[in-house]
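The values are calculated or read from the model by the stated rules, or taken from the named source; none is laboratory data. Owing to the predicted nature of the structure, the values given are computational and were not obtained by experimental measurement. All Cβ positions, even for glycine, are placed from backbone atoms using ideal geometry, and neighbour counts span all protein chains on display. With ligands, DNA and RNA removed, areas are computed over all heavy atoms of the protein, side chains included. Shrake-Rupley method; radii C 1.70, N 1.55, O 1.52, S 1.80 Å.
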Amino acid sequence: MGLSSKNITPFIHPEKTWSKWIGYAGLTIGILLLLVSVQMFLNIRVLLKEEAPRKSGAFDYVSISKVITNQNMGSDNRFSPNDIQLLKNQPEIAGVAPLYSNQFRATASAGNILPFSTDLFLESINPAFLDTLPKDFQWQPGQVDVPVIFSSEFLEMYNVFAPSQGLPQLSPKTISSVNIFLQCSGTRGSQNFRASIIGLTDRVNSILVPQSFLQWANQEFSGDSSTLVSRVYLKTVDANNPVLLKFLDDHGYYINKDKVRFGRIKGLLQNITGAIASLGILMIILALIFFGFYLRLKIARSRENIKLLIALGYSPGWLSGVFSKSFLPVYLALILICLGITEVFQFFFSHLSFAQETVGPYIHWIVLATAGVLLIVTMLINRIMVRSEIRQL
Amino acid sequence: MQLVLKNIDPDYISDTSHSDIWNKEITVTKGEHVHIIAPSGSGKTSLIHFIYGLRTDYKGSIVHDGKNIKNLRAEKKASIRQNSMSIIFQDLRLFDDHTALENIEVKRKLNPFHPPEMIYEMATRMGVANKLPQVIKTCSYGEQQRIAIIRSLMQPFDFLLLDEPFSHLDEENRTKAMELLLEECEKRKAAMIFADLKELDMLKNEKILHL
């Protein structure tokens, strides 16, 4: 039908009622709440991503150790194979990796360039738990070079302490070029190695060597092949899961609270944003219900005219389309206004001191997509309501 | 194209034995003129509404172009009303708050058979040209009837349904209106189904049926 809706608009009474304005106001507030919440959710994600190294994909990586108290100080507080098996059996835990440590004395010196020498501890972990894993992080018996992965926190600590000791500060890049002389000694002998730092890890606070080296060296220098460990890394979907935390508490395991607390704040913020978004959706639903009343009223007032138009041969489907399309400009305007306000909000938010570096001044494309989806959904609901009303005439 | 009325039996009329239409099979072909004569209250308007698809409270079937009108969806009915069937309602059914011209135009634009100038031409012939800009409710019933007649002639049709279309017209206007209707049916080779209280001598070659 090559008909213009202008033909019939004079036959459908334009209604000005309070319910229409309540509908518009509710819809605006709802859309605004939803769009701002989506933007905030994305902002929080960006802001907190930088500081969440434990997180890799969908998993949290946290280390646990046994709580040392005055009562248990003298006894062995390491994890036995049974303890580890129990951890593996927990549904909340997706993976367990014990952190094996050296059972011999390890001393490092940096030769003439960096005149210092220190005893240190070496540990090894299942490589699957590492956030950085260079290809050459491997060792075979007979190899003099030992690759090391160093905790970036340790590097920071070193850089704090170095100037006072007359040592040069090191950047993550230069540290790899420092040759470290590693002396391993135990009851059964001693040997010198060349160690080089081939990677930095944000996840594990330790000095890591390949598992093959540590196993060999423990056996070689101390004759120790025990499987007892004092630290265990856990891979879990949510390190803040209360069930997991209770299990760890009950067993006297200590979890790095700072990291968990940080995760809790993030979770809390995201929950608040989620709640605001839900409120927005609720408002939109209420507004659409109001619109439903308004539409019914409008159709009821024009009931006789619509019936006559249909009797004259106007298609009910086409009439429904004309009716619902008459709301498109209004909906479009409301959504554009809300997008505008969200943009203003984002602009000011991006200028806050803590957000300046990481949060952009423009709204995210997901917010635009949400607005588009909202427009389509409201138009669709509107169309369905009009259609069912007109069909009932 | 044909319109077939098969054993139509309204739910609310008890005695249909003396009728030429109820419970009979009647075929109306394009170009035919059928004159249905019946006193008030015998179901003329019901029959016209059954054919036009406005009511379905009857037994039997009305088949238009091979399809049972009773079973048609609203969109298909709209299409038939735009292309194949036009009607003059007994109660006229005009938009009271709109002008005569708007009332005609709302129908013409749906599926124009005539250009807009034709409205003035017909209105002049029917003596209501000066009423075109006037709001319908301020026109007399006779004038409204003539506007309804003009409205029904704005679209293409195969069947023109007339339900006492001249009830408020004098002899002279009746003749003018009948001439116009016959001419327009001739242009479309359309059938005319004319329901009235008594026989009209103006109809040509008509098939007379008593309800």
- open to solvent by 10 Å² or more (accessible area, probe 1.4 Å), assigned to a strand (DSSP E or B) and within 25 Å of A:S75 (Cα to Cα) - does that describe any residue in segment A:200-221? no
- Query: Quick check, is B:I104 more than 10 Å from chain A (Cβ to nearest Cβ), open to solvent by less than 60 Å² (accessible area, probe 1.4 Å) and closer than 15 Å to A:L312 by Cα?
  - Reply: yes
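The rows are residues; the columns are (1) of a type in the set (A, V, I, L, M); (2) open to solvent by less than 30 Å² (accessible area, probe 1.4 Å); (3) in contact with a helix residue (DSSP H, G or I) (Cβ under 9 Å, 6 or more places away or on another chain).
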residue	(1), (2), (3)
A:I255	yes, yes, yes
A:L269	yes, no, yes
A:I276	yes, no, yes
A:L279	yes, no, yes
A:S320	no, yes, yes
A:C338	no, yes, yes
A:V344	yes, no, no
A:A355	yes, yes, yes
- Note on the structure: For segment A:1-29, the count of residues that are more than 14 Å from chain B (Cβ to nearest Cβ) and at pLDDT below 85 equals 13
- Task: Please work out if B:N83 is closer than 23 Å to A:L319 by Cα and surrounded by 21 or more Cβ atoms within 10 Å (Cβ to Cβ).
- Result: no
- Just for segment A:307-350: of the residues that are part of a loop (DSSP other than H, G, I, E, B) and farther than 30 Å from B:I88 by Cα, which one is farthest from the other protein chains (Cβ to nearest Cβ)? A:F327
- From the options B:A177, B:A191, residue that is over 12 Å from B:H33 (Cβ atoms), within 16 Å of the chain's Cα centre (by Cα) and not hydroxyl-bearing (S, T, Y): B:A177
- Message: Condition (residue is surrounded by fewer than 21 Cβ atoms within 10 Å (Cβ to Cβ), at pLDDT 90 or above, under 18 Å from the mean Cα position of the chain (by Cα) and part of a helix (DSSP H, G or I)) applied to segment B:93-100: is it met by at least one residue?
- Response: no
- Check on B:E143, farther than 26 Å from B:G31 by Cβ, outside any loop (DSSP other than H, G, I, E, B) and touching a residue at least 24 places away in the same chain (Cβ under 8 Å): yes
- Task: Give the residue, chosen from A:R383, A:R391, that is of a type outside the set (D, E) and touching a Phe, Trp or Tyr at 6+ places or on another chain (Cβ under 9 Å).
- Result: A:R383
- For B:L132, indicate whether it is away from every other protein chain (no Cβ under 14 Å) and in contact with a helix residue (DSSP H, G or I) (Cβ under 8 Å, 6 or more places away or on another chain). yes
- Message: Within segment B:146-172, take every residue that is in contact (Cβ under 8 Å) with a residue 12 or more places away in the chain and surrounded by fewer than 19 Cβ atoms within 10 Å (Cβ to Cβ) and give me the one that is farthest from the other protein chains (Cβ to nearest Cβ).
- Response: B:D170
